[in-house]
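The values are calculated or read from the model by the stated rules, or taken from the named source; none is laboratory data. As the structure is a computational prediction, the values presented were derived from the model and not from experiment. Virtual Cβ from ideal backbone geometry, glycine too; neighbours counted across all protein chains shown.
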Amino acid sequence: MRDATLFIGDLHLDPEVRPATVALFLAFLRGPARDAARLYILGDLFEAWVGDDDNSPGYEPILAGLRELAASGVPTAFICGNRDFLAGTLFGERSGCELLSDPSPIVLNGLPTLLTHGDRLCTDDNEHMQFRAHVAQPQVRAAFLTRPLAERQAEARALRRRSEEHKQNKPEAIMDVNPGAVQAALAEHGARLMIHGHTHRPALHGDPVERAVVGDWGECGSVLRCTPGGVLELLRLHPDMTVETVVTAPLPGTNA
Ligand SMILES: [Mn+2]
């Protein structure tokens, strides 16, 4: 993946529950990611992040892997998702990641591009929009972070169970991005391409491509690669680090 820009998201790393996905990610960091020009993590790296003081032993190899990638010369940037929105300055120091706000405009091979986790675009999901508004309040975050670490970890586990139950009762369509919200965000930032995750629906949408969606990680990983020549490639990463191409498309405005 030499000199390419890589995008990943929705790894939902949970060392206790899904150690194989953690192993897959660590192999990715030591392997294919080392050849990249840059790595963007578009949120929900963790299944839950209850504060930058979380010193659970399972997180240490993940943070070390990220630090080593950055030290090897691959700048890594991180946008918070709805599971790890409490990742802050200290997380940045512990991981070596640069923290970006959501959304963040970048220039990708000359193309104005907007990066976001994606949940802000799911405006048809009223319940989730209420959750977002609630946890956006500084006093809500501050109050949560003053609670003991063990209590916060227990709360996160309970929240996850409730979220799983709710998801099963929601129609598919309201869990996806709202097309109007996508267009509004692109217009607001003068972007021609949006890259996001959150929905777990990996795809390249539009002709020319206007929206690229990275998939979630489990047994396999999902990686969006933009080659130096301007080709977007949605890839599936296998545990043995072989890469399968799911779909490709030229970056808009290039002659690739
Ligand atoms: Mn999410």
> Considering only residues of segment 116-156 that are free of Cβ contacts under 8 Å to residues at least 40 places away in the same chain and not in a helix (DSSP H, G or I), which is nearest to residue 80 (Cα to Cα)?
Replying inline: 136
> In segment 1-17, what residues are in a loop (DSSP other than H, G, I, E, B) and either in contact with a Pro (Cβ under 9 Å, 6 or more places away or on another chain) or more than 16 Å from the ligand (Cβ to nearest atom) (or both)?
Replying inline: 1, 2, 3, 4, 15, 16, 17
> Has segment 22-35 got at least one residue that is of a type in the set (Lys, Arg), surrounded by fewer than 17 Cβ atoms within 10 Å (Cβ to Cβ) and either under 15 Å from the mean Cα position of the chain (by Cα) or away from the ligand (no atom under 16 Å from the Cβ) (or both)?
Replying inline: yes
> Can you name every residue in segment 90-102 that is touching a strand residue (DSSP E or B) at 6+ places or on another chain (Cβ under 6 Å) and away from the ligand (no atom under 14 Å from the Cβ)?
Replying inline: 92, 97, 98, 99, 100
>> Tell me the residue from 16, 47, 60 that is within 23 Å of residue 118 (Cα to Cα) and among the acidic types (Asp, Glu), please.
In response: 47
> All but one of (1) within 16 Å of the ligand (Cβ to nearest atom); (2) surrounded by fewer than 22 Cβ atoms within 10 Å (Cβ to Cβ) hold for residue 45; which doesn't?
Replying inline: (2)
> Of the numbered conditions (1) in contact (Cβ under 8 Å) with a residue 24 or more places away in the chain; (2) within 19 Å of residue 112 (Cα to Cα), residue 187 satisfies every one except a single condition; which is it?
Replying inline: (1)
> Is there any pair with a first residue in segment 82-96 that is among the acidic types (Asp, Glu) and a second that is within 16 Å of the ligand (Cβ to nearest atom) and assigned to a loop (DSSP other than H, G, I, E, B) whose Cβ atoms are under 9 Å apart and which are 6 or more apart or on different chains, and what are they?
Replying inline: 84/43; 84/44; 84/45; 84/47; 84/48; 84/49
> Among the candidates 87, 77, which residue alone is crowded, with 16+ Cβ neighbours inside 10 Å, away from the ligand (no atom under 16 Å from the Cβ), modelled with pLDDT of 95 or more and outside any helix (DSSP H, G or I)?
Replying inline: 77
> Could you list, in sequence order, the residues of segment 105-121 that are at negative phi and either within 16 Å of the ligand (Cβ to nearest atom) or among the aliphatic types (A, V, I, L, M) (or both)?
Replying inline: 106, 107, 108, 111, 114, 115, 116, 117, 119, 120, 121
>> Can you list residue pairs whose Cβ atoms sit under 6 Å apart, with the first residue in segment 157-184 being under 27 Å from residue 13 (Cβ atoms) and the second being polar (S, T, N, Q)? Count only pairs 6 or more apart in sequence or on different chains.
In response: 176/199
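Residue-wise test of (1) at pLDDT below 95; (2) out of contact with any strand residue (DSSP E or B) (no Cβ under 7 Å at 6 or more places or on another chain); (3) part of a loop (DSSP other than H, G, I, E, B).
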{"residue": "191", "(1), (2), (3)": "no, no, yes"}
{"residue": "212", "(1), (2), (3)": "no, no, no"}
{"residue": "216", "(1), (2), (3)": "no, no, yes"}
{"residue": "219", "(1), (2), (3)": "no, yes, yes"}
{"residue": "222", "(1), (2), (3)": "no, no, no"}
{"residue": "235", "(1), (2), (3)": "no, no, no"}
> Which number in (1) in contact with a Pro (Cβ under 8 Å, 6 or more places away or on another chain); (2) assigned to a loop (DSSP other than H, G, I, E, B); (3) at pLDDT 95 or above marks the one condition that residue 52 misses?
Replying inline: (1)
